[in-house]
Every structure is written in structure tokens, then in C-alpha cells.
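Colleague: Mind having a look at this structure? Questions to follow.
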Amino acid sequence: MRSLLARLAWLGPREQRWLLVGICALSLAVLLSVGVLPAVRSLRASPHAHQQADGQLQALRQLQIRAQTLQARPQMDQADAVNRLQASVSLLGGNTEINMSDQRANLVLRSTPAKALAEWLARARTEANSVPLEARLVRESQADEPLWSGTLVMSLPSR
């Protein structure tokens, strides 16, 4: 440190001034790059992040309303759920079989359109309080709308 001070004293006043200006400019550049520029980047990105957060909040509120609606419905007994599932199987087409066991419904699907299957699953959840426990599906065709074959095991409300 002393040798550095000795070298500075050896420089003339003009060189010392230019050295001081250089050190100040370098310090300012470091301060800007470390302290200010990250904050500016965050401010520029905040509208997009805010929109994203608003979208997620909307989706969560919709899910909350849906969950509250499902919770507010009266409990369904198993016999009613079985009747509703059996009645709704016709939406899947004639190639579907349903077998009931204790607290499960086993569906055998043959060439079932994907759209019909998706609609039936949503309906089974809302109307019969039944959700898939197990799915073993195979995609049959590469056409515009895929066809699915396999088995679905659905839950039933307890007795």
C-alpha cells in the first residue's frame, strides 16, 4: 500500500487527476452493473410477470369455486352412483362394457373416441362422484381423432 502511495506522489497533479477520474468512472460502471441494471431489468419484466401471476390467480379461483361447488353437493350413495355410471356409458358408444364390484367400476373400452372419453370422465366425476383409480389405455389410430382401447377402473362412493 505504501509503494502505491509513493507512486501516486511521484505522479504529477495532472496525471493524479486523470487517475482519479478513471477510478471514479470504473467505480460508477461497477455500481451500475451490480446495483442498478438488475433492478431495471426486473422493472421491465414485471408487467409480464404480473400478467402471468394474474392468470394463475384466476385459474386458482376457478378451481376453488369448482371445489366448493363439489363439496356443497349432498353425498351420493353407491347405488345412485352405479345407476348414473351405467346410464352414462352409452355416451362412450356401443363397444363399452361396465362391470361393478364392491367400490369400483371396471370399464372395458374398445375403439372409443378421445373426445367422448374426456366428456364421459368429466361427467362421471361431477354426476357420479367417480374418479379414475387406474387406466390402461392404448391408442389405436393415428387419425384426426384418436381412438382408445383398454380398461379403466373407477372409484365409487362408499356405501
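The values are calculated or read from the model by the stated rules, or taken from the named source; none is laboratory data. Because the structure is a prediction, the values reported are computed rather than measured. Note that we place each Cβ from the backbone using ideal geometry, even for glycine, and neighbour counts take in every protein chain shown.
Colleague: Would you check if T151 is of a type in the set (S, T, N, Q), in contact (Cβ under 8 Å) with a residue 40 or more places away in the chain and touching a strand residue (DSSP E or B) at 6+ places or on another chain (Cβ under 9 Å)?
Modeller: Details: of a type in the set (S, T, N, Q): yes; in contact (Cβ under 8 Å) with a residue 40 or more places away in the chain: yes; touching a strand residue (DSSP E or B) at 6+ places or on another chain (Cβ under 9 Å): yes.
Yes; evaluated as a whole, the condition is true for this residue.
Colleague: Consider only pairs whose beta carbons are under 9 Å apart and that are at least six residues apart or on different chains; among these, list those whose first residue lies in the stretch 53-81 and is under 15 Å from E127 (Cβ atoms) and free of Cβ contacts under 8 Å to residues at least 12 places away in the same chain and whose second residue is of a type in the set (K, R) and in a loop (DSSP other than H, G, I, E, B).
Modeller: A79/R159
Colleague: Can you spot a residue in the stretch 21-38 that is part of a loop (DSSP other than H, G, I, E, B) and surrounded by 10 or more Cβ atoms within 10 Å (Cβ to Cβ)?
Modeller: No - not one qualifying residue is present in the stretch 21-38.
Colleague: So, of the residues in the stretch 108-152 that are polar (S, T, N, Q) and on the phi < 0 side of the Ramachandran plot, which turns out to be modelled with the highest pLDDT?
Modeller: T151
Colleague: Identify, from the list L121, L117, the residue that is surrounded by 13 or more Cβ atoms within 10 Å (Cβ to Cβ), within 30 Å of the chain's Cα centre (by Cα) and free of Cβ contacts under 8 Å to residues at least 24 places away in the same chain.
Modeller: On the way: L117 fails: free of Cβ contacts under 8 Å to residues at least 24 places away in the same chain.
Among L121, L117, only L121 is surrounded by 13 or more Cβ atoms within 10 Å (Cβ to Cβ), within 30 Å of the chain's Cα centre (by Cα) and free of Cβ contacts under 8 Å to residues at least 24 places away in the same chain.
Colleague: For the stretch 1-20, enumerate the residues that are modelled with pLDDT under 80, of a type outside the set (G, A, S) and part of a helix (DSSP H, G or I). Steps first, please.
Modeller: We begin by selecting, within the stretch 1-20, every residue modelled with pLDDT under 80; these are 1-11.
From what is left, the residues that are of a type outside the set (G, A, S) are 1-2, 4-5, 7-8, 10-11.
Across the stretch 1-20, the qualifying residues are R2, L4, L5, R7, L8, W10.
Colleague: Take the stretch 82-110 and flag every residue that is surrounded by 14 or more Cβ atoms within 10 Å (Cβ to Cβ) and free of Cβ contacts under 8 Å to residues at least 40 places away in the same chain.
Modeller: V89, L91, L92, G93, T96, I98, R110
Colleague: With of a type outside the set (A, V, I, L, M, F, W, C) and either more than 26 Å from Q71 (Cβ to Cβ) or in contact with a Gly (Cβ under 7 Å, 6 or more places away or on another chain) (or both) as the only criterion, which of P157, P132, P113 stands out?
Modeller: None of the others qualify; the one that does is P113.
Colleague: Now for a different question. Look through the stretch 93-126, keep the residues that are assigned to a strand (DSSP E or B) and basic (K, R), and return whichever of them is farthest from Q78 (Cα to Cα).
Modeller: R110
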